[in-house]
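The next block holds one structure in the form of structure tokens; read it before the comments.
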Amino acid sequence: MPASVTVNEVTATDADAIAIFMFEDDDRVFRENPEIETARARTEWTGEKNNLVETFRTQDGREQRIFLLGLGNTLDFEPHILHDVAATLGKRLDATKDSRVSLDIVGLDTPNARHYGRIIGESLSLLTWDGKTLPGTVTKATEKPEIILSSGDVQFDNHLRDGIALGTSINFARTLSQTPPNIATPLYMAEQARQLALDTGLDCRVIEGEELITERLEGLITVGKASENPPCLIRLAYTPERTTNTAPVVIIGKTITYDTGGLSLKVNNGMVGMKRDKDGGCAVLGAMHAIATTLQPNVPVIGLLVAAENSVSNNSMRPDDVITYRNGVTVEITNTDAEGRLVLADALCWACEVEQAASIIDFATLTGGVVVALGSTFAGLFCDDDELRAALETASEESGERIWRLPLHAEYREMLKSPVADIVNSNPNRKAHPIQGAAFLEHFVEEGTPWAHIDIAGVHSVDADTGAFIKGPTGWGVRLIAAWLREIG
Ligand code: BES
Ligand code: ZN
Ligand code: ZN
């Protein structure tokens with residue numbers, strides 16, 4: 001795949017290749033662009049999404065490749081289609097080794113140019129991520145093209161740059177997700193956050209050791225105590241340049257650096273891939289990167305990562321243990337594998353009490369049940385605040401990261417009643433278990449604070465190459481947060 005993608009001056013005359021995006025039902029005749037008409041006259045042209053027709057033209061004695069890329073019908077169009085089509089282009093460029101690319105945007109709608117530019121830039125930027133974050137002495141470096149592109153339109157080129165920048169933030173999240181659990185421990189994640197803060201001017205605070213006790217972060221202490229890699233709460237703060245006295249929005253990420261299940265051990269190799277149980281936290285770090293470097297919204301944003309390793313030792317939490325949270329809620333642990341909610345509870349209490357959050361969104365690879373229900377097509381959204389939900393749904397449509405609402409209801413909270421404490425962390429009856437997770441978390445959000453829980457267990461990674469993503473982490477959440485902040489900030 002391409003090594004890099006940048007926007008710089010490339011004209012239709014000096015480009016190695018010209019890429020033209022075209023809707024299937026665009027029936028205009030392009031007299032000034034004879035190459036469009038030539039390509040459209042080819043029998044391979046169907047105009048369907050991902051349809052790619054290649055022709056050549058000679059310009060000043062040099063051969064230029066022409067790519068005509070189908071977008072399907074205008075009425076069926078969704079942002080992810082252009083995302084996939086741009087990936088098709090990027091993969092083809094990798095094969096042809098064309099480097100200087102001129103984008104012909106005559107087939108794209110100008111009112112939507114903002115979105116389109118971003119989508120193309122982001123998709124190409126995602127393609128540059130190859131997943132080999134730790135090459136050793138055996139892997140041979142391959143030669144990869146450096147793509148330089150321009151549409152010739154200043155505005156559109158700026159949107160391309162925005163998209164590329166967001167892609168960089170998403171790739172940062174993907175790299176963290178990919179980092180193995182023997183390296184990416186809770187304190188490693190803290191170190192990454194500190195470095196990000198140093199590089200970008202964010203404020204970073206890490207609560208660890210004794211301070212976890214004084215701050216009564218009982219979930220982190222309990223989940224993290226079996227591991228020799230100690231737990232921590234990581235707090236990143238962004239303050240807008242024009243400081244306002246408004247309450248911050250808080251984004252929270254489940255950051256379990258490895259989930260063995262604890263004493264309720266995962267069996268039958270069910271723990272393979274559980275290094276990615278930190279992907280909620282990776283998305284929050286990726287989003288904070290985007291916020292500090294490119295988005296710079298007008299609202300203060302706090303990122304909280306609840307980082308711990310759910311391990312097994314003689315110091316493990318046990319099924320039957322009872323813990324007391326800082327908001328007074330007591331929890332009987334019935335299943336040590338439902339550890340995500342135990343640490344998220346600390347962050348939710350903290351967001352309400354310490355940060356006085358204006359709104360809260362948490363991202364968590366919380367349940368296998370949501371994968372069964374929604375697959376890798378939608379993340380599960382739990383949010384009873386109409387305004388926040390509407391904003392998230394708009395952001396979802398714009399970003400292409402799909403969310404589907406699942407219910408919260410008092411009856412689900414009933415399922416969590418404990419005979420010895422207020423609530424259990426999981427009902428042994430696995431009915432509706434993604435909703436049980438959300439119902440558990442509800443106990444730690446102050447009445448009146450708009451809150452959304454997003455279960456990303458099905459979408460945080462893909463198990464085969466799809467569009468701009470290779471098999472592995474997707475950095476899911478960064479795009480949704482970015483689109484949400486663009487809307488509210
Ligand atoms: N990290 C897992 C959930 C998960 C499963 C993430 C598959 C990604 C892919 C979580 O901590 C867990 O183990 N959940 C249990 C909850 C149950 C004990 C209520 C599950 O889903 O089985
Ligand atoms: Zn678990
Ligand atoms: Zn987990």
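Okay, here's what the table says:
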read-out: Of residues in the range 457-468 being at negative phi and either in a loop (DSSP other than H, G, I, E, B) or surrounded by 24 or more Cβ atoms within 10 Å (Cβ to Cβ) (or both), the one nearest to ligand 1 (Cβ to nearest atom); value: 457
read-out: Residues that are within 16 Å of ligand 1 (Cβ to nearest atom) and surrounded by 24 or more Cβ atoms within 10 Å (Cβ to Cβ), drawn from the range 223-238; value: 223, 224, 231
read-out: Residue in the range 239-261 that is surrounded by fewer than 22 Cβ atoms within 10 Å (Cβ to Cβ), modelled with pLDDT of 95 or more, at positive phi and within 16 Å of ligand 1 (Cβ to nearest atom) present; value: yes
read-out: Failed item, numbered, when residue 357 is tested on (1) touching a residue at least 24 places away in the same chain (Cβ under 8 Å); (2) within 16 Å of ligand 3 (Cβ to nearest atom); value: (2)
read-out: The lone exception for residue 188 - which of (1) over 14 Å from residue 7 (Cα atoms); (2) open to solvent by less than 70 Å² (accessible area, probe 1.4 Å); (3) outside the structural domain of residue 294 (by TED's automatic domain parsing) it fails; value: (3)
read-out: Residue list for the range 336-371, restricted to those being among the aromatic types (Phe, Trp, Tyr) and within 14 Å of ligand 1 (Cβ to nearest atom); value: 363
read-out: In the range 199-214, the residues that are assigned to a helix (DSSP H, G or I) and touching a strand residue (DSSP E or B) at 6+ places or on another chain (Cβ under 8 Å); value: 212
read-out: Matching residues in the range 64-93 - criterion: being within 22 Å of residue 129 (Cβ to Cβ) and in contact with a strand residue (DSSP E or B) (Cβ under 9 Å, 6 or more places away or on another chain); value: 69, 82, 84, 85, 86, 87, 88, 89, 90, 92, 93
read-out: Selection status of residue 222, within 16 Å of ligand 2 (Cβ to nearest atom), of a type in the set (S, T, N, Q) and part of a helix (DSSP H, G or I); value: yes
read-out: Looking only at the range 106-129, and only at residues there that are at pLDDT 95 or above and among the charged types (D, E, K, R), the one that is least open to solvent (accessible area, probe 1.4 Å); value: 122
read-out: Boolean, residue 323 is part of a strand (DSSP E or B) and more than 22 Å from the chain's Cα centre (by Cα); value: yes
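The values are calculated or read from the model by the stated rules, or taken from the named source; none is laboratory data. The model shown is predicted, which means the values in this text are computed figures rather than measured ones. Cβ: placed from backbone, ideal geometry, glycine included. Neighbour counts: every protein chain shown. Ligands, DNA and RNA are stripped out before the accessible areas are found, and what is left, the full protein with its side chains, is counted by its heavy atoms. Shrake-Rupley method; radii C 1.70, N 1.55, O 1.52, S 1.80 Å.
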